[in-house]
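First up is the structure itself, then whatever we jot down about it.
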Amino acid sequence: MKRVGIVGCGSIAKTHAWVLKQMADVELVGFADTINERAVNFSKTYTDQNAAVFNSLTEMLQEARLNVLHICTPHHLHVPMAVEAMNSGVAVFSEKPPAIDMEQFAQLSQVGKNTEVKLGFCFQNRYNKEIIKTDEILSSGRLGNVIGARAFVTWRRDEDYYISDWKGKIVTEGGGALINQSIHTLDLMLRYLGEPTTVQATVRNHHLSSVIEVEDTVEAWMTFAGGARACFYATTAYATDAPVIFELQCERGSITLVDKSVTVRESGCEPQCYSFEEAVGIGKSYWGNGHLACIKDFYDKLDSNARFENDLDGVKTTMKTMMRIYDFR
């Protein structure tokens with residue numbers, strides 16, 4: 001039985017707590033938040049015997065005897081809290097982003113080498129059924145190599161979204177539409193193309209320039225070894241949270257992912273469409289439906305001491321590419 005704590009009891013933490021409550025080998029023993037009432041509510045909602053509540057991570061690490069810590073705090077706190085937990089011998093499962101700059105990422109990497117404590121990140125969309133199907137299609141070889149990709153994330157975030165004192169500020173959020181809303185889509189693009197050799201981008205704030213420091217729109221053009229190229233577009237200035245559009249162009253056809261469907265267009269063949277039901281869970285649909293599988297996989301790897309795909313090495317390309325795009329701010 002693993003003793004688990006959650007630091008940061010906001011919206012995304014509800015998804016983590018819900019998943020952990022389903023797992024037989026996990027005991028939620030602590031919740032930490034600077035707002036005591038939120039931690040108390042989590043304790044009452046997600047544990048049968050009211051887990052301990054703490055005002056700080058340090059206090060929880062000292063008193064709760066954790067095996068695993070889930071970090072669900074504002075972006076700028078991910079690395080400092082992961083470092084503190086890892087130096088205490090506690091495994092860490094952190095929300096995205098892994099860090100808000102490459103200096104933080106390097107610090108995390110060094111602590112990981114020094115402590116050899118398991119560290120994983122919540123890139124849950126890698127576990128979506130549509131992605132698993134796409135992996136299967138590409139592995140079959142029927143479409144040949146991937147030669148390009150395009151992605152469109154068109155969502156809506158208005159002024160009321162930035163009421164929180166950490167959102168909208170580069171020093172605490174790290175960025176906007178890219179690091180917060182579309183990092184998962186960038187991650188999936190790079191899953192199939194690898195690290196780009198060339199990055200060109202524009203990073204802009206169109207509709208909230210008087211409200212926030214971070215971007216509401218980003219576009220990037222990337223090239224890759226072997227000649228592949230990709231176009232990436234993300235905005236939070238749209239009219240609604242529209243389904244993400246993601247397409248892979250291959251030598252003998254294409255794969256298009258929209259919402260919960262995958263459409264395969266193979267040269268000389270009729271299009272094939274695969275539809276998938278929404279996975280059981282809670283939270284916003286555009287977070288993706290892979291939290292349950294992602295978190296369970298992390299714990300399975302803890303038990304077997306095998307490598308977790310979403311570790312530092314597994315997210316390095318996404319982190320580096322994101323920061324290369326931000327060089328154009």
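The residues in the range 311-329 that are open to solvent by 30 Å² or more (accessible area, probe 1.4 Å), within 15 Å of A177 (Cβ to Cβ) and either β-branched (V, I, T) or in a helix (DSSP H, G or I) (or both) can be counted, and the count is 0. Among the candidates R126, R156, the residue that is touching a residue at least 60 places away in the same chain (Cβ under 8 Å), of a type in the set (K, R), open to solvent by 30 Å² or more (accessible area, probe 1.4 Å) and within 29 Å of R204 (Cβ to Cβ) is uniquely R156. The residue pairs whose first member lies in the range 79-99 and is under 19 Å from A17 (Cα atoms), whose second member is open to solvent by 10 Å² or more (accessible area, probe 1.4 Å) and part of a loop (DSSP other than H, G, I, E, B), and whose beta carbons are closer than 6 Å, counting only pairs six or more residues apart or on different chains, are V90/L66; A91/V117; A91/K118; E95/C72.
Restricting attention to the range 8-41, the residues that are of a type in the set (D, E), at pLDDT 95 or above and more than 23 Å from P80 (Cβ to Cβ) total 2. For the range 51-74, which residues satisfy the criterion of being on the phi > 0 side of the Ramachandran plot and in contact with a Leu (Cβ under 7 Å, 6 or more places away or on another chain)? Once the filter is applied, which keeps residues that are on the phi > 0 side of the Ramachandran plot and in contact with a Leu (Cβ under 7 Å, 6 or more places away or on another chain), the range 51-74 yields nothing.
The set of residues in the range 284-296 that are part of a helix (DSSP H, G or I) and either under 15 Å from the mean Cα position of the chain (by Cα) or modelled with pLDDT under 95 (or both) comprises S285, Y286, W287, H291, L292, A293, C294, I295.
Across the range 83-100, a minimum of one residue is classified as open to solvent by less than 10 Å² (accessible area, probe 1.4 Å), touching a His at 6+ places or on another chain (Cβ under 9 Å) and aromatic (F, W, Y). When the range 215-226 is filtered for residues that are of a type outside the set (A, V, I, L, M) and more than 10 Å from P196 (Cα to Cα), the ones remaining, listed by number, are E215, D216, T217, E219, G226. The set of residues in the range 202-236 being within 19 Å of W155 (Cα to Cα), in a strand (DSSP E or B) and more than 21 Å from the chain's Cα centre (by Cα) consists of T202, R204.
The residues of the range 241-281 that are assigned to a loop (DSSP other than H, G, I, E, B), farther than 17 Å from E130 by Cα and over 21 Å from the mean Cα position of the chain (by Cα), listed by number, are E251, R252, S267, G268, C269, E270. If you go through the range 286-300 and keep only what is charged (D, E, K, R) and open to solvent by 50 Å² or more (accessible area, probe 1.4 Å), you end up with K296, D300. Scanning the range 13-70 for residues that are touching a residue at least 60 places away in the same chain (Cβ under 8 Å) and among the hydroxyl-bearing types (S, T, Y) turns up just one, T15. Is one or more of the residues making up the range 176-185 open to solvent by 10 Å² or more (accessible area, probe 1.4 Å) and in contact with a strand residue (DSSP E or B) (Cβ under 7 Å, 6 or more places away or on another chain)? Scanning the range 176-185 turns up at least one residue that is open to solvent by 10 Å² or more (accessible area, probe 1.4 Å) and in contact with a strand residue (DSSP E or B) (Cβ under 7 Å, 6 or more places away or on another chain). Quick test for you: out of A39, A17, A64, pick the one residue that is crowded, with 17+ Cβ neighbours inside 10 Å and under 16 Å from I295 (Cα atoms). A17 is the lone residue from the list that is crowded, with 17+ Cβ neighbours inside 10 Å and under 16 Å from I295 (Cα atoms). When the residues of the range 250-260 are filtered to those that are in contact (Cβ under 8 Å) with a residue 60 or more places away in the chain and open to solvent by less than 30 Å² (accessible area, probe 1.4 Å), the one that is farthest from L188 (Cα to Cα) is G253.
The values are calculated or read from the model by the stated rules, or taken from the named source; none is laboratory data. These numbers come from a predicted model, not from an experiment. No Cβ is skipped: glycine too gets one built from the backbone with ideal geometry, and neighbour counts run over all protein chains shown. Note: areas computed on protein heavy atoms with side chains; ligands, DNA, RNA excluded. Shrake-Rupley method; radii C 1.70, N 1.55, O 1.52, S 1.80 Å.
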